[in-house]
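Working notes for the structure below.
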Amino acid sequence: TSMEKREEKVSNTYEEIETNLKLLGATAIEDKLQDGVPQCIERLARAGIKIWVLTGDKVETAYNIGLSCRLLTNDMEIQVIEEDTEDGVAKKLQEVREEMIHKIEQLFGVDIEDRRKRLDWKDWGIDVMKFDQYRKDGASGGKGQRQNGHAAVTTTDANPQERELFEGFGLLVTGQALAYALNEKLKMQFLELGTMCKAVVCCRVTPLQKAQVVELVMQNEKKITLAIGDGANDVSMIQKAHIGVGISGQEGRQAVLASDYSFGQFRFLERLLLVHGRWSYLRISKFLRYFFYKNFAFTLCHFWFGFFSGFSAQTLYDPFFVATYNVFFSSLPVLALGVFDQDVSADHSLSKPHLYTPGQNNEFFNKKIFAESVIHGILTSCIIFFVPYLSVSNSTRPGGMTQADLQSFGFIVATVMAIIVNLENALETWYWTGLYHFVLWGTIVVHFLFHFALYSTIIWKIFNTNYAYVGVAQAVLSTGNFWFTLFLTCAILLLPVFCREFFRMRFMPNKTDRARLNQKFRTEEKAAFVAHIQHK
C-alpha cells in the first residue's frame, strides 16, 4: 500500500514473484480485418477523402493495421509522436514540421519563405492525395509568383524518380502524446500537421480523445466529418461527427444505436459514400437549381404583367392555376429527378472514385450556379410572357373575336409555363425511367385535362356562378396561333440550353461527362460483342 516510489516497488515485486516459472502454454488472438477493408480504404483515399484512424491499440499494432489496410505504405514519410511530456510533444511537433518543410522544398522545388505561416498543399497547387499533380513556374531555376505567403520555384536538383515514389506523409500519435497535442497551446499545430498528412493514426486513445479529435477538425476546418466505429468506446466520436456510422458486430449495438447509418461490414462504407453519397449530392443539387429556376420563372411573369395592370391586385393567372402550380404541374417531375436521377451506374461509380471530388469542390451547386439558375429563370419569364403577348396582341379567333382578353392570355402563358418548365426538367435528367416518363408526360396531360374540365360549362352549371374562364381552353386550343406561340417559345428557350450542353460536352467535358461517355461506349461495345457471339 506504499504510495512513494510505487512503480519501482511494484517492479521489484514482479522480479521476486516471476522466478523459476515453467511455461505451460501460450495463447494468441487473431484480430483480422474484415473482407474488403483494404480495397475500401484505398478507393476512399483515391476519392480524395482524408482518413484518420483513432484506435485503442498500441503503436506497433496500429502501424501494422495501417499497412495491412493500405492506409500507410512503405514509401510514406511516417512520423511517430510518442513523447510523454508537454515540452517533449511541442518540440517533436516542431521537428516534424521542419522535416516536412525540408521534404517539400527538396521534392517540389517550393521556397517557403514565411515558415511561421500555416502550411497548406493548396498554396503550391499540390493535391495532398495525388502528389503527381503540382504547379511549377515556367522559367527554369527562377522564383515564381508568391502564393499565400509562399513562393513557388522550379527546381533542377530534385530527383524526379524520388518525387514520383513519394506518397505523402503519415503521422502516428500515441494517446499520451495526443493528450498534450489537444490542449489549447498545441492543438492548432497538431491540426496543421494532420492536414498535411495523407494518413493519421492515433493510438491508445480514449473515447473522450476520439471525440476531441473529431471536434478539433470540425471547428477549425471547413470540412464534413464522418466517424465510423463498432464499439461502445466509439459512441462519443460517432455522435460528435457530422455523420455517424455504426457497424453491427460482436461488440454490441451501442455504436449502431448512436449512429445515423449502420451496416454489417466496413466495406459497405465505400458504397454509402461513392455511390449513394454522390447520387444524393447530384440529385439535391439539381433539385435546388431547378426549384429556384421554375419559381423565378413563374413569379416574375406577375412582375412583367404589373407594367400593364398598373401594379394592381389583378393576377395574370387563373387563381386555380396559382394554387396548383407547385402542387400538380411542376412538383412531381422535379421530385422524380431528385429521387431517381443518376449520372453513372453504381459499378462505374465504384470503379472511378475520382468522380467523388466534384462534390467536395461544390461543382454542382455553388454561388455561380445559383446565380445562373436565377438569371435563367428571369430570362425564361421574359420569353414566356412577352412572346405570347406579342403573339395575341393583334390576333383574332376564327369567329372574329379578339384573342387578347385577359383570360385567354393568362391561359396561354400558364400552359406555356407548365410545358416549358417540365421540358427544362427533362433536359436536366440523365437517368430516364418508366416512372419518370409517366410523371413528366402525365403532368403535361393532366394540365390540359384539368383546364378542359375546369373551364367547361359543366362546372358553371354545377356551381351556378359567374366564372370568367368558362370556354377559354376550348377556344384557345382551337386556334393555330396558340400552337405556333407554344412551338416558338419552346424553340427560343430549349434550343439554346440543348446547344450549350452539346458544345460543353463536346469541347469542355468534365469528369462526370467523360465517365458517362465511357460507360456508354463500354455498353455499346459489350452489346456488339454479345451480338457477334450470338450470330456465330
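The values are calculated or read from the model by the stated rules, or taken from the named source; none is laboratory data. Bear in mind that the values here come from a model prediction, so they are computed numbers and not experimental data. Quick reminder, even Gly has a Cβ in these numbers, built from the backbone with ideal geometry, and neighbours come from all protein chains shown.
From the list Asp75, Asp111, Asp120, Asp84, which residue is under 33 Å from the mean Cα position of the chain (by Cα), more than 24 Å from Glu270 (Cβ to Cβ) and not hydroxyl-bearing (Ser, Thr, Tyr)?
After applying the criteria, what remains is Asp120.
I need every pair where a residue in segment 26-52 that is without any contact (Cβ under 8 Å) to a residue 12 or more places away in the chain and closer than 28 Å to Glu192 by Cα has its Cβ under 6 Å from the Cβ of a residue that is surrounded by fewer than 18 Cβ atoms within 10 Å (Cβ to Cβ) and charged (D, E, K, R), sequence separation at least 6 or different chains.
Between residues of segment 26-52 that are without any contact (Cβ under 8 Å) to a residue 12 or more places away in the chain and closer than 28 Å to Glu192 by Cα and residues that are surrounded by fewer than 18 Cβ atoms within 10 Å (Cβ to Cβ) and charged (D, E, K, R), there is no close pair.
Residue by residue through segment 226-238, note down the ones that are more than 26 Å from the chain's Cα centre (by Cα) and either surrounded by 16 or more Cβ atoms within 10 Å (Cβ to Cβ) or basic (Lys, Arg) (or both).
Answer for segment 226-238, where residues must be more than 26 Å from the chain's Cα centre (by Cα) and either surrounded by 16 or more Cβ atoms within 10 Å (Cβ to Cβ) or basic (Lys, Arg) (or both): Gly231, Asn233.
Considering only residues that are of a type in the set (Asp, Glu) and either surrounded by 11 or more Cβ atoms within 10 Å (Cβ to Cβ) or more than 54 Å from the chain's Cα centre (by Cα) (or both), look in segment 2-36 and name the one that is farthest from Ile65 (Cα to Cα). Walk me through how you get there before you give the answer.
At the first step, the residues of segment 2-36 found to be of a type in the set (Asp, Glu) are 4, 7-8, 15-16, 18, 30-31, 35.
Still in the running and either surrounded by 11 or more Cβ atoms within 10 Å (Cβ to Cβ) or more than 54 Å from the chain's Cα centre (by Cα) (or both): 4, 8, 15-16, 18, 35.
Working: Glu4: 39, Glu8: 33, Glu15: 33, Glu16: 36, Glu18: 32, Asp35: 14 Å.
Ranking the candidates gives Glu4 first.
Would you check which residues across segment 205-255 are at pLDDT below 90 and either at positive phi or touching a His at 6+ places or on another chain (Cβ under 8 Å) (or both) and list them?
Correct list: Gly252 only.
May I ask you to list the residues in segment 211-225 that are surrounded by fewer than 23 Cβ atoms within 10 Å (Cβ to Cβ) and within 20 Å of Leu178 (Cα to Cα)?
Within segment 211-225, Ala211, Gln212, Glu215, Leu216, Val217, Met218, Gln219, Asn220, Glu221, Thr225 meet the criteria.
Taking the conditions exactly as written (farther than 16 Å from Val416 by Cα and among the aliphatic types (A, V, I, L, M)), does Val256 satisfy them or not? Can you show your working first?
Details: farther than 16 Å from Val416 by Cα: yes; among the aliphatic types (A, V, I, L, M): yes.
Against the criterion (farther than 16 Å from Val416 by Cα and among the aliphatic types (A, V, I, L, M)), Val256 qualifies.
Got at least one residue in segment 424-437 being more than 31 Å from the chain's Cα centre (by Cα), in a helix (DSSP H, G or I) and surrounded by 14 or more Cβ atoms within 10 Å (Cβ to Cβ)?
Applying the first criterion (more than 31 Å from the chain's Cα centre (by Cα)) to segment 424-437 yields none.
So far as segment 424-437 goes, no, none of its residues is more than 31 Å from the chain's Cα centre (by Cα), in a helix (DSSP H, G or I) and surrounded by 14 or more Cβ atoms within 10 Å (Cβ to Cβ).
Given (1) under 15 Å from Ile419 (Cα atoms); (2) out of contact with any Asp or Glu (no Cβ under 8 Å at 6 or more places or on another chain), identify the lone condition not met by Lys294.
With respect to (1) under 15 Å from Ile419 (Cα atoms); (2) out of contact with any Asp or Glu (no Cβ under 8 Å at 6 or more places or on another chain), Lys294 is out only on (2).
State whether the residues of segment 91-100 include one that is polar (S, T, N, Q), at pLDDT 85 or above and under 27 Å from Lys222 (Cα atoms).
Yes, the conditions are met somewhere in segment 91-100.
Take Phe452 and decide whether it is modelled with pLDDT of 90 or more and of a type in the set (Phe, Trp, Tyr).
The answer is no for Phe452.
Tell me, please, whether a residue that is assigned to a loop (DSSP other than H, G, I, E, B), modelled with pLDDT of 65 or more, closer than 18 Å to Leu119 by Cβ and not aromatic (Phe, Trp, Tyr) can be found in segment 146-156.
no
Return the only residue of Phe484, Phe438 being modelled with pLDDT of 95 or more and either of a type in the set (Val, Ile, Thr) or at negative phi (or both).
On the way: Phe484 fails: modelled with pLDDT of 95 or more.
Residue meeting the stated conditions: Phe438.
Would it be correct to say that Gln39 is within 23 Å of the chain's Cα centre (by Cα) and at negative phi?
yes
Take segment 496-516 and flag every residue that is assigned to a helix (DSSP H, G or I) and either within 18 Å of Pro388 (Cα to Cα) or among the polar types (S, T, N, Q) (or both).
Scanning segment 496-516 gives a single hit, Thr512.
Suppose we filter Ile65, Ile49, Ile101, Ile78 for residues that are in a strand (DSSP E or B), surrounded by 11 or more Cβ atoms within 10 Å (Cβ to Cβ) and hydrophobic (A, V, I, L, M, F, W, C); which single one remains?
One residue alone meets the criteria, Ile78.
With respect to Ser408, is the statement that it is among the hydroxyl-bearing types (Ser, Thr, Tyr), closer than 16 Å to Cys301 by Cβ, at pLDDT below 95 and assigned to a helix (DSSP H, G or I) true?
yes
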